[in-house]
C-alpha cells in the first residue's frame, strides 16, 4: 500500500479506496455481507435469509426472527454490501490509513534527499527515472556456456543518466527499527538484494541499451520509512564494496540453481548429492 502510494499513485487509485462509512463489526457480519453480496437469489428476503443462515448460528431461531435480524443488518450495512456487489477488486482502507499515507508522503517531500531520489524534476532523452521497474534478464553460467539461468527483478526505483553514465538504484523499506536499521540490514541482507538488482541493471544496460558498462558508475540507496506513528524518513547510502562483496554469494546460488536445473534434482542441496550427505553452514 505504501509502496504504491509513493511510487505508483495512478495504480494506487485503481487498487485502493478510502472507506469512511459503516463496516462489519464482527466476523459473522462480514460473512453475512459477503454472502449477501454474492447471492444469486432473485427474491431479496430469500437472499437475506440464506446469507444469515450461512453466517450465524440458527439453533433455536425461527425463520421470522432470522429474517428480521438479517434485514436489520442488511439495512445498517447497505452501503458496504453495495460496494461489495460493485467492487472491481479494490481494497478498502480506513481514513486513518489515508492520513498515514499523506504523512509519509509529506515527510518524503520534506526530506532533502529522499524527494530528489524518488521524484526528479525532469526527464529527458538522456535521463530516465523508473518506478517499479521490471527486468527479465539472464545469468550466464561461467563454466558451461550453454547453461543460462533466467532471472527477473522488480526494482522499486531506478534512475539512468545516459549522458553522465550514472545509475541510481533505490529501494523503499518500511520498518519499526528506523533508528537501528543496521539490525534490519543484518537480518534481511538488503545489500545482497541491491547486488542482485545491480546485476540485473548491468545486464539491462549491456543487452537492452547497448551500453559499455566500463563507463558507468552506480549509486545505491535505501529509503527507510518508520511505521511506529512518527513516519520519519531516513536515507541510507551504500559503498561499492558493500554491494559488490555480495556478488560471489549471488553467483554461487545461481550456479547451484543451474546445476539443479541440469540434473533435475531438487529434494536436497547440491552438496548433499555430490558429497556424503553432510552440508556446511555459512557462519
Exercise. Looking at (1) in a helix (DSSP H, G or I); (2) free of Cβ contacts under 8 Å to residues at least 60 places away in the same chain, which is the only condition residue 14 fails?
Worked result: (2)
For this session: Give just the number: which of (1) buried (at least 17 other Cβ atoms within 10 Å of the Cβ); (2) at pLDDT 95 or above; (3) under 27 Å from the mean Cα position of the chain (by Cα) does residue 83 not satisfy?
Result: (2)
Exercise. If we only count helices (runs of 4 or more DSSP H) wholly inside the range 196-283, which ones have 1 or more residues that are touching a strand residue (DSSP E or B) at 6+ places or on another chain (Cβ under 8 Å) and buried (at least 17 other Cβ atoms within 10 Å of the Cβ)?
Worked result: 240-244, 247-263
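Name the single residue that is nearest to residue 95 (Cα to Cα) among those in the range 16-51 being touching a strand residue (DSSP E or B) at 6+ places or on another chain (Cβ under 7 Å) and surrounded by 16 or more Cβ atoms within 10 Å (Cβ to Cβ).
Taking the candidates together, the pick is 19.
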Seminar exercise, completed: Residue pairs within 7 Å by beta carbon, gap of at least six or interchain, first lying in the range 228-246 and assigned by TED's automatic domain parsing to the domain that holds residue 175, second surrounded by fewer than 16 Cβ atoms within 10 Å (Cβ to Cβ), listed first then second, are 228/176; 231/103; 235/113
Exercise. What about residue 77, is it surrounded by fewer than 16 Cβ atoms within 10 Å (Cβ to Cβ) and farther than 30 Å from residue 155 by Cα?
Worked result: no
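Quick check, is residue 155 modelled with pLDDT of 95 or more, assigned to a strand (DSSP E or B) and in contact with a strand residue (DSSP E or B) (Cβ under 7 Å, 6 or more places away or on another chain)?
Details: modelled with pLDDT of 95 or more: yes; assigned to a strand (DSSP E or B): yes; in contact with a strand residue (DSSP E or B) (Cβ under 7 Å, 6 or more places away or on another chain): yes.
It is true that residue 155 is modelled with pLDDT of 95 or more, assigned to a strand (DSSP E or B) and in contact with a strand residue (DSSP E or B) (Cβ under 7 Å, 6 or more places away or on another chain).
Condition check ((1) within 20 Å of the chain's Cα centre (by Cα); (2) at pLDDT 95 or above; (3) over 21 Å from residue 113 (Cα atoms)) across all residues:
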| site | (1), (2), (3) |
| --- | --- |
| 173 | yes, yes, no |
| 201 | yes, yes, yes |
| 211 | no, yes, yes |
| 218 | no, yes, no |
| 250 | no, no, yes |
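Out of all the residues in the range 84-102, is one or more farther than 30 Å from residue 3 by Cβ and touching a helix residue (DSSP H, G or I) at 6+ places or on another chain (Cβ under 6 Å)? Reasoning before the result, please.
Taking the range 84-102 and keeping what is farther than 30 Å from residue 3 by Cβ, we get none.
Among the residues of the range 84-102, not one is farther than 30 Å from residue 3 by Cβ and touching a helix residue (DSSP H, G or I) at 6+ places or on another chain (Cβ under 6 Å), which makes the answer no.
The values are calculated or read from the model by the stated rules, or taken from the named source; none is laboratory data. Note that the structure is a prediction, hence the values are computed from the model and not measured. No Cβ is skipped: glycine too gets one built from the backbone with ideal geometry, and neighbour counts run over all protein chains shown.
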